[in-house]
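The numbers here are math on the coordinates, done by the rules we state, and not lab data. Owing to the predicted nature of the structure, the values given are computational and were not obtained by experimental measurement. Every residue, glycine among them, receives a Cβ derived from its backbone with ideal geometry; neighbour counts consider all protein chains shown.
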Amino acid sequence: MDSPALTERSRLRLRELSVVADSDGEFLVGDPQSGTYVALPAIGVTVIERLRAGATLGEARQVASAEAGEDVDAIDFGHTLVGLGFVAEVDGTPITVAPDAQPRRWIAGVPPEVARKLFTPFAWACYVALLAGCAVLLAVRPDYLPQPDDLYFLSSPVNSLGVLAVWAMLSTAGHEAAHWLAARAEGVPARFSIGRRLYFLVFETDLSHLWGLPRRRRFGPLLAGLAYDTVVLSALLAVTLISPNDAVDRVAAALIAVEISGILFQCLVFLRTDLYMVLVMMFGCRDLRRVNSLELRRMFGRLSQEQAVELAAAHPTDLRVARWFRWLSLTGLAAATGYFAAFVVPALWALIGWIAASFADSDPTDGRFWQSVVFAVLALLPLALFVAVTIRDQLVRTRRGRRMARG
């Protein structure tokens, strides 16, 4: 989007922006339609309010400069607003927003008032009570904690892992749907995507619109996925407590292992999980991910001059949190690398061996052969999706690099 020429006589008609007071005297300003939010000082909000009232950039500059006690470059700020997509018209000429800046919404059929019933204070008290109950039960009965053998609850290891792969994807979909429902309860849209964190395939719900809400209302949608996981885990543990059937117990134990793994994954905050976002909201960080990356570069002597300038200009809160978060990131990365080498690679190799063995003596005319094919495909589906997402992300980066090279 080419930025129009702006002068002090220019009048900017802004889109329907949300302005929410945040910490440290700053404001979160954003466009709920595009999901773009930025932190601005109070003087920036003053300019925006004058523009909303119909003032020219020059008139807004005079008011803002008098308030700040120094000259404010309203024209440069106007270009920033245009670049963010916050401007609808300049001197009556419409400013178009690139199509990819528009949100791709999922179904919007659940009214907020219906979704809100799942996230009342009483409902959250129940979720907390269930989580505490699960923790107490697992502490008192450690035999309910996941064991490696729990995953192989069927006669064939491949069949077992195929079923668990499907369950894991369904459970993850439910986790993300809970985020979406909680966002609907707050009256903001959300969208879904598939991504990866290191070697983990993840389903994601874009909750960037939460930045347009007061801080206290942002935590519910962020924690809704864990609330869903807690309900499912509680139900599975209840089944193991009351079921007299060994086969049912074996199935429940396998599903419990998957659910606990999913909950523990959220504790890997260095991978930008739900709890990472909670941490960002709690401390009022602006771009902790980027500042943490720069801090790590500085630690290892790989910080360029431009990056050093960027780090020095970072938000004080991000700098303060990154001082200890970088150590958490390094510890988590080391643990994830060790887990990959010690468990993921051997498990994948064993899975491939089991699949090969299941086909070795099979007859394609036998129904059991095609049963093995189906379960093998299911077992390898997460790996196939991970490879596909990795290729997609690389293609996106390549296209973006080519566009930037063309200017």
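Counting pairwise Cα distances across the stretch 108-153, what percent come out greater than 12 angstrom? Mind dumping the intermediate values first?
Details: 746 of 1035 pairs.
Tail of the P(r) past 12 Å holds 72 percent of the pairs.
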Want the number for Ala68 to Arg399: 0.36 nm per residue separation, take away the alpha-carbon distance, what's left? 114.9 nm
Kindly express, to the nearest 10 degrees and within the range 0 to 90, the angle between helix 345-360's C-alpha long axis and the longest C-alpha principal axis of the chain. 50
Once amide H atoms are placed 1.01 Å from N in the peptide plane, what residues at a sequence separation of 5 or more from Ile95, or on another chain, have their amide H within under 5 Å of its amide H? Glu89, Val90
State, as an integer percentage, the relative contact order of the chain based on alpha-carbon contacts under 8 Å between residues 6 or more apart. 16
Could you give P(r) for the stretch 12-98, binned at 5 Å from zero, as whole percent values over all Cα-Cα pairs? 3, 15, 26, 26, 19, 8, 2, 0
In 10 Å bins starting at zero, report the fraction of Cα pairs in the stretch 112-283 per bin as a rounded %. 9, 35, 34, 17, 4, 0
Tell me the net charge near Ala252. Cut-off is 11 Å between Cβ atoms, Ala252 excluded, with +1 for each Lys or Arg and -1 for each Asp or Glu. -3
With n ≥ 4 as the cut-off for DSSP H runs, can you work out [θ] at 222 nm for the chain, using -39500 (n - 2.57) per run divided by the number of residues, rounded to the nearest 500? -20000 deg cm²/dmol
For the stretch 112-283 the mean separation of alpha carbon contacts under 8 Å (6+ apart) over residue count, i.e. relative contact order in percent, is 26
What is the sum of charges around Arg9, taking Lys and Arg as +1, Asp and Glu as -1, for the other residues whose C-beta is under 12 Å from the C-beta of Arg9? -1
Could you list Met169, Met282, Met277 in order of exposure, starting from the residue whose Cβ has the fewest other Cβ atoms within 10 Å? Met282, Met169, Met277
Helix 121-140 axis, angle to the chain major axis (alpha carbon atoms, nearest 10°): 40
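Cα convex hull of the stretch 249-354: mean projected area in nm², to one decimal?
The orientation-averaged projected area of the Cα hull of the stretch 249-354 comes to 9.2 nm².
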Which residues qualify? For Asp73, with a placed amide H closer than 5 Å and at least 5 residues away or on another chain, they are none
Once Rh is set to the Kirkwood radius over Cα pairs, what Stokes-Einstein translational diffusion coefficient, in µm²/s, holds for the stretch 34-84 at a temperature of 10 °C and a viscosity of 1.306 mPa s? 143
Can you pull a Stokes-Einstein diffusion coefficient for the chain at 20 °C (1.002 mPa s), Rh from Kirkwood over Cα pairs, as a whole number of µm²/s? 86
Rounded to the nearest 10 degrees, the helix 74-83 long axis (Cα) sits at an angle to the longest Cα principal axis of the chain of 30
Taking a crude spin-label model, label points 7 Å out from Cα along the C-beta direction, the Asn245 to Gln307 distance in nm is 5.7
Relative exposure of Ile194, Ile355, judged by other C-beta atoms within 10 Å (fewest first): Ile194, Ile355
Ranked by how many other beta carbons lie within 10 Å on average, peptides 284-292, 244-252 from highest: 284-292, 244-252
Of the chymotrypsin sites (Phe, Trp or Tyr not before Pro) in the stretch 301-364, which ones lie in a loop per DSSP and count no more than 12 other C-beta atoms within 10 Å? none
Most to least packed among 67-74, 120-127 [average Cβ atoms within 10 Å]: 67-74, 120-127
